[in-house]
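Shown next, in structure tokens, is the structure this report addresses.
The values are calculated or read from the model by the stated rules, or taken from the named source; none is laboratory data. If you're wondering where the values come from, they're calculated on a predicted model, not measured in any experiment. Using ideal geometry, Cβ is built from the backbone for each residue, glycine included, and neighbour counts are taken over all protein chains shown. Each accessible area value is taken on the protein alone, full model and side chains, heavy atoms only, with ligands, DNA and RNA left out. Shrake-Rupley method; radii C 1.70, N 1.55, O 1.52, S 1.80 Å.
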Amino acid sequence: MREKIEYDIVIVGGGPAGLSAAIRAKQADPELSVVLLEKGSEIGSHILSGAVLDTVGIDMLIPNWKETDIPIRTKVKEDNFFLLGPAGQVKIPNFFLPPLMNNHGNYIVSMGNVCRWLAAKAESLGVDIFPGMACSDLVFGDAGEVIGVIAGEFGRDKEGKKSDTYEPGMEVLGKYVLLGEGVRGSLAKIVIEKYKLDSESEPQKYGLGMKEIWEIDPKHHKEGKVIHSMGWPLDSNAGGGSFCYHAENNQIYLGFVVHLNYENPYLFPYMEFQKFKHHPMIEKMLKGGKRISYGARAITEGGYQSIPKLSFPGGLLIGCSGGLVNVPRIKGNHNAMVSGISAAEIACKAIKEGSKNTKLSEYDSVLKNGKVGSDLKLVKNVKPIWSRFGLLASLTIGGIDMWIANIFGFNIMGTMKHGKSDAKSTKPAKNFSEIQYSKPDGKISFDRLTNVSFSGTNHEENQPCHLFLKNKNVPIKKNLPIFAEPAQRYCPAGVYEVLEKRKNSFIFQINPQNCVHCKTCDIKDPSENITWKTPQGGDGPNYPNM
């Protein structure tokens, strides 16, 4: 028997969406009991984002934030867009870009540090915050509605059996449950499937974002400078691009995004990132510098047409659990915060009216017809154009579509479809040649395992593997002969290996201790054979200021 504890509002996930919801709920009604459960060892430890922050969300949540000590200080002073080739770059003039792409007035931030500040604010208002509390399952009522979550189960051994230190966890029950787990959350997957929330939307699309923080030579640093690029080294192999944000203290946030709908199973996203750093423009900036942190995270890229229904009996999906990233802007934190605020307001209103564990359909309408919807509608065709016709078409046709939408309020391309999932986009290896990547030099580029050590990731070894194979034979019997088993390449942390035990006899090895919780395997496996589930609380990366 599990202990039970009851709250008015239960929030899963200590990201910008969950924290904004917690704060707004207490602002709306200080008497409500609100709890926030976070699987990371502390708030912010699992947060990885670019990030250039559009302040629309924080403006709504804390109007006087500029008078506080919140770590939002570095204003964007210079905005640059480049199309890269192997030996040089072409700057895209800013006047060609729609106004929505303008970053002036935005701020370069560490979202991990912003979330830590928001957590302190939430606690000061009376929110109960419990880090290290992974939510492993949902609790359902008699009518199939969500009434809570199971949190804090510890002490199962590798075989899944209860050890001497087993703790069953608690049933944390609420009148409404808000799921803000981020991209491809395990509980969000359950409710989307159970309630068929995605039956009327396009398949969700994803990217893999990898990020390093560097401390660079002051002569190459310009606080407030923003650089985005597209093109080399990905070229026709995959969609994607880079970001470089000059933050405080001679630090830069350097990131690389690979769209996960690529076809070639030999593509190695992590090595594309390392190759990118040797572009003359980037290498010059990094020389003499020091990489101080690394991490990776999947990104929702489907946009407006891929948003599922966000309300379900007993709760709501908020933030990236609903897929609210604006792909051309490489921004989602602002929409995450707005969604959390809206969810809290609607849940508080329902509780005040005496309701509980009902379906709050009003939330879907508010999000799609409000600030979030208007932000995503303007850019909804950029991703499908890029996927179907390539980078140049995306820059031209997609740019025209965005300009007209920005000026006249409608998209000339209508609403384009995405088609198949990223897993189904992978094609057989026989259609491609293996891609040869240069060995990392250890100064500008690094091997995966060395970089993973800079993520602070750690998992208790005597627990069930949190990466589940639906069929243990698929990696070697199917994925290896047909797709050259891409798991050994698409994972940015070296979790998956194919080892030859004896001649022509292979095994598939999973190294769960390396996992940085990016969820790429759950998304990209061509056989859809891998399911990511949350490990015990406190495990995973420990990002200091991502």
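Side notes on the structure shown:
- Only one residue of 182, 210, 160 has its Cα farthest out toward the positive end of the dipole of the chain, where Lys and Arg carry +1 and Asp and Glu -1 on Cβ, and that residue is 210.
- Compactness ratio for segment 63-209: Cα radius of gyration over 2.2 N^0.38 Å (N = residue count) comes to 1.52.
- The calculated P(r) of the chain, using every Cα pair and 10 Å bins from 0, goes 4, 19, 30, 28, 15, 4, 0 in percent.
- Lysine pairs within segment 33-97, Cα separation less than 22 Å, 8 or more sequence positions apart or different chains: 4
- Accessible-area ranking of 145, 42, 200, largest first, probe 1.4 Å: 200, 42, 145
- The lysines whose alpha-carbon is closer than 22 Å to the alpha-carbon of residue 290, local same-chain residues fewer than 8 away aside, are 211, 219, 222, 225, 275, 277, 439, 443.
- Where Rh is the Kirkwood radius over Cα pairs, Rg/Rh for segment 411-546: 1.01
- In loop segments of segment 335-444 as defined by DSSP, the GluC sites (Glu not before Pro) with at most 15 further C-beta atoms inside 10 Å of their C-beta are 353, 434.
- Dipole magnitude of segment 350-417 about its Cα centre (Cβ charges: Lys, Arg +1; Asp, Glu -1), debye to nearest 20: 180
- Kirkwood hydrodynamic radius over Cα pairs of segment 83-135, then Stokes diffusion coefficient at 25 °C and 0.890 mPa s, in µm²/s: 157
- Note on segment 320-405: Lys pairs 8 or more places apart or on different chains, Cα atoms under 23 Å apart, count 15.
- Net dipole in debye of the chain [+1 Lys, Arg Cβ; -1 Asp, Glu Cβ; about Cα centre; nearest 20]: 1600
- Radius of gyration and Dmax over the Cα atoms of segment 473-515, both given in Å: 10.3, 29
- Accessible surface for the chain, divided over its residues, is 40 Å² per residue with a 1.4 Å probe.
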